[in-house]
Amino acid sequence: MGNGMSNFTDFISGGGGGALPQIALTQSQTWVPPQDGTVCIHVIGAGGGGHATTGGGPYGGGAGGYCKKTTLAVTTSGSFTVVVGVGGLGGYSNGTASGAVGGNSTVAGTGLSSTLTANGGSGGTSSAGGAGGSSSNGTVNNTGGAGSFYGGGAVGVYGTGQAGRDNGQGGAGGGS
């Protein structure tokens, strides 16, 4: 396969070791590897909320940062503390119109010399889209795309995330 992943028959053969199957953690928790092997960790910060249309332009929130640890050997005796950031609330016209900052996502644990961090994107305001979140301590650290008029930014898996865009009819999120 060329990307370091085992094929499906390796997972069902019971051979032990090797790459683990893909596991998505969508809530904060302590995670213990179910088997010894090698993992690739992807951490994504939450997006910022959009601005309400009252009192200014409807600017979108910035995307969360993206942090990747390419390879890490793990064992069943290790553990990881995983924090999954919560998306920023959008502004509302009867109160705070600016969008809230998205939450930071982090992974810390056995074998990691420092915490993998993907920061949340900033909320949109009356005059500008929110900035994309930064990231740190991974093999790959990309900044999320900024929000724009009507559009939210995109998470940047292969580089800095694209900014949201206004296509004249209404906004669109940036491509990842």
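The values are calculated or read from the model by the stated rules, or taken from the named source; none is laboratory data. All figures in this text were calculated on a predicted structure; none of them were measured in a lab. When we count neighbours, we look across all protein chains shown, and the Cβ atoms used for this are built from the backbone with ideal geometry, even at glycine. SASA here: full protein model, heavy atoms, side chains in, ligands and nucleic acids out. Shrake-Rupley method; radii C 1.70, N 1.55, O 1.52, S 1.80 Å.
Some points to look at:
- Additional length obtainable on full extension of the chain from Tyr158 to Ser136, 0.36 nm per residue less Cα span: 6.4 nm
- Electrostatic tally near Ile41: other residues with Cβ closer than 13 Å to its Cβ, Lys and Arg +1, Asp and Glu -1, net +2.
- Local net charge near Ser105, Cβ-Cβ under 14 Å (Lys/Arg +1, Asp/Glu -1): +2
- Distance between the modelled labels on Gln35 and Ser114, one decimal in nanometres: 3.3 nm (7 Å Cα→Cβ projection).
- Near Gly161, the amide H atoms lying under 5 Å from its own belong to Thr143, Gly144, Gly145, Gly156; only residues 5 or more places off or on other chains count, and H is placed 1.01 Å from N.
- FRET E, pair Gln22, Leu89, Förster distance 45 Å, beta-carbon r, rounded to 0.05: 0.90
- A probe of 1.4 angstrom, applied to the heavy atoms of all protein chains, finds Thr30 with accessible area near 100 square angstrom.
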